[in-house]
Amino acid sequence: MASRHFKFRLADPQVSKELTGYDKNGVSPVAMTHNVPVIMSTSITQLQPPVFWLGAGHVDYKLALPVQTFIDATQCMVAPVSQPVTFD
């Protein structure tokens with residue numbers, strides 16, 4: 001689907017809490033209270049080693065997961081939704 005069909009933005013903290021069950025800065029893409037679609041950038045699939053960190057339900061908690069394990073468990077959409085950061 002073309003990117004012109006999407007408008008990515010942050011949810012209002014109260015709406016986010018209602019949809020996910022997590023407070024601001026503690027949102028985790030697993031075990032949410034509603035079925036919220038998860039989109040992973042294709043750049044994450046290219047990490048070496050193939051492990052990434054994500055929110056774990058509290059602002060101070062983080063979880064490291066193998067990329068493929070996360071994709072398999074969440075059935076997330078993988079799409080080119082980010083741009084590489086360059087340092088000049």
* Answer yes or no as to whether residue 19 is among the hydrophobic types (A, V, I, L, M, F, W, C), open to solvent by 40 Å² or more (accessible area, probe 1.4 Å), assigned to a loop (DSSP other than H, G, I, E, B) and out of contact with any strand residue (DSSP E or B) (no Cβ under 6 Å at 6 or more places or on another chain). => no
* Which one of these is open to solvent by 100 Å² or more (accessible area, probe 1.4 Å), modelled with pLDDT of 95 or more and either in a helix (DSSP H, G or I) or closer than 22 Å to residue 20 by Cα (or both): 68, 48? -> 68
* To do: Consider residue 29 carefully, then state whether it is within 25 Å of residue 84 (Cα to Cα), assigned to a loop (DSSP other than H, G, I, E, B) and either open to solvent by less than 90 Å² (accessible area, probe 1.4 Å) or in contact (Cβ under 8 Å) with a residue 40 or more places away in the chain (or both).
  => yes
* Does residue 63 fit the bill of being aliphatic (A, V, I, L, M), within 19 Å of residue 21 (Cα to Cα) and open to solvent by 60 Å² or more (accessible area, probe 1.4 Å)? -> yes
* Structure fact -> With criteria (1) touching a residue at least 40 places away in the same chain (Cβ under 8 Å); (2) out of contact with any strand residue (DSSP E or B) (no Cβ under 9 Å at 6 or more places or on another chain), residue 59 comes up short on (1)
* Asked: residue 79 is checked against (1) of a type in the set (A, V, I, L, M, F, W, C); (2) open to solvent by 70 Å² or more (accessible area, probe 1.4 Å); (3) at pLDDT below 95 and fails just one. What number does that condition carry?
  -> (2)
* Asked: Name the residues in the stretch 71-88 that are over 23 Å from residue 6 (Cβ atoms) and either assigned to a loop (DSSP other than H, G, I, E, B) or free of Cβ contacts under 8 Å to residues at least 40 places away in the same chain (or both), would you?
  -> 72, 86, 87, 88
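Output the residues belonging to the stretch 32-45 that are open to solvent by 40 Å² or more (accessible area, probe 1.4 Å) and not in a loop (DSSP other than H, G, I, E, B).
Passing the criteria: 39, 42, 43, 44, 45.
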* Asked: Is there any pair linking a residue in the stretch 8-26 that is of a type in the set (A, V, I, L, M, F, W, C) to one that is exposed (fewer than 12 other Cβ atoms within 10 Å of the Cβ) and at pLDDT below 95, with Cβ under 6 Å and at least six apart or on different chains, and which?
  -> 19/34
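The values are calculated or read from the model by the stated rules, or taken from the named source; none is laboratory data. The structure displayed is predicted, hence computed values, not measured ones. All Cβ positions, even for glycine, are placed from backbone atoms using ideal geometry, and neighbour counts span all protein chains on display. Just the protein is used for accessible areas: all its heavy atoms, side chains included, with ligands, DNA and RNA removed. Shrake-Rupley method; radii C 1.70, N 1.55, O 1.52, S 1.80 Å.
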